[in-house]
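Chemist: Would you mind keeping the following structure in view while I ask a few things?
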Amino acid sequence: MTEQTIHSAYERRPLLADFARCAAGLFFTIGPALFLNPLPVLYWIFLAAGMLFLAFGVKTAQKWVTKVAVTADTLTVTAPFRASLAWKDLKSAKLRFYATRRKSRKGWMQLTLKDGRSRIVLDSALADFDLVAKYAARWILENGIELDIPSRENFLALGIRLDRNAGVEE
């Protein structure tokens, strides 16, 4: 029996938009700090804000190069460093939803998986995020991992019901 490997990456269009936001943020923060000779307090405020946009840009670049491989046995993420997690060794999982506005359904999900050595964090901009969540759900049940209530509700929002008696249901 051959093992199927699913290869995935973050979708490019949202990342391009994030790069544009980063560039605009740097332009409007670092630009004035360097070229307008503002008051010292404003200089440091602009510089601090610019560092936040720079960190956002680095995180976006990291997602740009991230490659994810999912098999029946492992989850491997390469971005620029490699992290691998054997599903059978999965010890904890969290699935969080972050709204872009208060009381909004718009936002993104973030799946955090740990096995004792590795910690892998993926967000819903990943092309096959639902598939990774299904694999995780299967192994959460298989390994007897207790999830907190928000994680259970977020799996349900993805259409994945975690039922110990029936297994993973869609």
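The values are calculated or read from the model by the stated rules, or taken from the named source; none is laboratory data. What you see is a predicted model, and the numbers here were worked out from it, not measured in a lab. So basically every Cβ, Gly included, is an ideal-geometry build from the backbone, and we count neighbours across all protein chains shown.
Chemist: Considering only the range 45-120, give the strands (runs of 3 or more DSSP E) lying wholly within it that have at least 3 residues that are surrounded by 12 or more Cβ atoms within 10 Å (Cβ to Cβ) and touching a residue at least 60 places away in the same chain (Cβ under 8 Å).
Modeler: The strands (runs of 3 or more DSSP E) meeting that bar are 67-70.
Chemist: A follow-up question, please. Among (1) under 21 Å from S118 (Cβ atoms); (2) not in a loop (DSSP other than H, G, I, E, B), which single condition is E3 missing?
Modeler: (2)
Chemist: Now a separate question. Looking at the range 124-151, which of its residues are charged (D, E, K, R) and either surrounded by fewer than 16 Cβ atoms within 10 Å (Cβ to Cβ) or in contact with a Ser or Thr (Cβ under 7 Å, 6 or more places away or on another chain) (or both)?
Modeler: D128, D130, E142, E146, D148
Residue-wise test of (1) of a type in the set (V, I, T); (2) at pLDDT 95 or above; (3) more than 23 Å from K114 (Cβ to Cβ); (4) in contact with a Pro (Cβ under 9 Å, 6 or more places away or on another chain).
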{"position": "A17", "(1), (2), (3), (4)": "no, yes, yes, no"}
{"position": "R21", "(1), (2), (3), (4)": "no, yes, yes, no"}
{"position": "L26", "(1), (2), (3), (4)": "no, yes, yes, no"}
{"position": "P38", "(1), (2), (3), (4)": "no, no, yes, yes"}
{"position": "T60", "(1), (2), (3), (4)": "yes, yes, yes, no"}
{"position": "D73", "(1), (2), (3), (4)": "no, no, no, no"}
{"position": "V77", "(1), (2), (3), (4)": "yes, yes, no, no"}
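Chemist: Which pairs do you get when a residue that is on the phi > 0 side of the Ramachandran plot and at pLDDT below 95, found in the range 127-151, comes within reach of a residue that is buried (at least 17 other Cβ atoms within 10 Å of the Cβ) and not aliphatic (A, V, I, L, M), reach meaning Cβ atoms under 6 angstrom, with the pair 6+ apart or on two chains?
Modeler: Cβ pairs passing all conditions: none.
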